[in-house]
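These notes are about the structure you will find just below.
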Amino acid sequence: MIRNVLLTSLFLYCCLVANGQDYLKIANDCFDKGDYECAKQNYTLFQTIDGRNMSAQIKNAEDCYRSLLIADEYFSDKDYEKARDRYKIVLDKNPKDPNARRKYDLCVTELTRFANYSETTNNLNIQMIAVQGGTFTMGCTAEQGDDCYDNEKPAHRVTVSDFYIGKCEITQAQWRAVMGSNPSYFKGDNLPVESVSWNDVQEFIRKLNSVTGKNYRLPTEAEWEFAARGGNNSRGYKFSGNNNVDIVGFHTGNSATTTHAVGTKSPNELGIYDMSGNVWEWCNDWYGSYTYNSNAQTNPQGSYSGSERVLRGGSCHREEITSRVSFRSSDPSDSYYDCLGFRLAHSSR
Ligand SMILES: [Ca+2]
């Protein structure tokens, strides 16, 4: 009798240990596959049956689960940089996770496809900022207060696709590298090129594209304003990057009525400099009124025709009100004068 009881007890003990080992195997398999809820559940069961402390494994599974959830949210929002960093946290804990690996690789591909870059042909070193597309309200919005002019109205919804825009205004050194001359009134390699007409800029772009094989162009007015407002990172400032113009731009009140080296004030939310002030910037569009078409638009190109091209951002020769992100001006395509320059744009690759 006693012998039978001992044998039965031994049998049950062996079964329990075997079941415990099964739970541990299932937990490890689930962890390797990236099924962290399953892993946590089975580590907990194993701990209960076997008695061994599995708290480190359980915490690991919980951490991976949470990081993966956050990574997937960033991924669906197309914030590939933050998503990549979160997937990396998961992969550091579990290099076998196939889902995290696949998504991490997709993030790297996206970031390589669409990321800030420098145009280094002919030692130009023109830095371009990747601006993720989005929808914004263009024109006279609330933060502009009572300063809007009629040509900024009505405010209207605009969607732009991904594009690149120059981190800085084109400098005199960059202009000279492409054109072999420097028409600027104020001289200095790192000063923005000025005294260039819209037509002159088209010739610069034609030569630049023939050298680089790319399709540089001027920004559309909508792209310019979207970028000036900080794109999808916008904090709703009156000027490009701040409500205090003196922090971000040179205007007649702080410029000593001369241009200044590009990139010396603070950048805006996207890391772009001097969109408020320093030199006026040519846009690609014919200038026209917003009133004839105030419906929501996607990638608007401005008026079909006109007599003047759009200018944006104010300048070192103008009062600060002209440096507002929605302020609009224009000039004929053959106009040129000091404090009138440009920055480049490039469509998504
Ligand atoms: Ca400017």
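Read-outs throughout are calculated quantities, based only on the coordinates presented, and are distinct from any laboratory measurement. In this text the structure is predicted, and so the values were computed from the model without any measurement. Note: ideal-geometry Cβ built from the backbone for every residue, glycine included; neighbour counts use all protein chains shown.
Quick one: net charge of E269's neighbours, Cβ under 10 Å, K/R +1, D/E -1? Walk me through the numbers on the way to the answer.
Values: positive: R229, R235; negative: none.
It works out to a net charge of +2.
On C-alpha positions alone, give me the angle between the axis of helix 98-113 and the longest principal axis of the chain, in degrees, nearest 10. Rounded to the nearest ten degrees, it is 10. For the stretch 266-332, would you read off the P(r) tail past 13 Å as a percentage of all alpha carbon pairs? Tail of the P(r) past 13 Å holds 67 percent of the pairs. When both bridge partners sit in the chain, DSSP labels roughly 90% of those beta bridges antiparallel. Derived value for the stretch 232-349: Kirkwood hydrodynamic radius 15.0 Å. Basis is the mean of 1/r over every pair of different alpha-carbon atoms. State the Cα centre-to-centre distance between the stretch 277-313 and the stretch 157-235 in whole Å. The stretch 277-313 and the stretch 157-235 have Cα centres separated by 16 Å.
With a Förster radius of 45 Å applied to the beta-carbon distance between Y117 and S55, the computed FRET efficiency rounds to 0.45. Oblate is the label for the stretch 99-185, because the ratio a/c of its alpha-carbon gyration tensor axes (a ≥ b ≥ c) is 1.5 or higher and a/b is not greater than b/c. How far, in degrees from 0 to 90, does helix 55-76 lean away from the longest principal axis of the Cα atoms of the chain, to the nearest 10? Approximately 30 degrees, to the nearest 10.
Ranked by how many other Cβ atoms sit within 10 Å of their own Cβ, fewest first, the residues Y43, Y287 fall in the order Y287, Y43. Starting from one equal scatterer on each C-alpha and no solvent at all, send me the Debye-based log10 I(q)/I(0) for the stretch 117-347 at q = 0.16 Å⁻¹, two decimals. Log10 of I(q)/I(0), two decimals: -1.07.
Annotation: the residues W175, W198, W282, sorted from fewest to most other C-beta atoms within 10 Å of their own C-beta, follow the order W198, W175, W282. Of the residues G213, G230, G34, the one that moves most in a GNM of the chain with alpha-carbon contacts below 10 Å is G213.
For the chain, averaging the sequence separation of C-alpha pairs within contact (under 8 Å, six or more residues apart) and dividing by the residue count gives a relative contact order of 16 percent. For a Förster distance of 56 Å, can you work out the FRET efficiency between the beta-carbons of D63 and K207, rounded to the nearest 0.05? Once rounded, the FRET efficiency stands at 0.55. Which residue fluctuates most in the GNM of the chain (Cα springs below 10 Å): N182, N242, N125? Taking springs between Cα atoms under 10 Å, the residue moving most is N125. Note on the chain: GNM, Cα springs under 10 Å; of R176, R229, R309, the largest mean-square fluctuation is that of R176.
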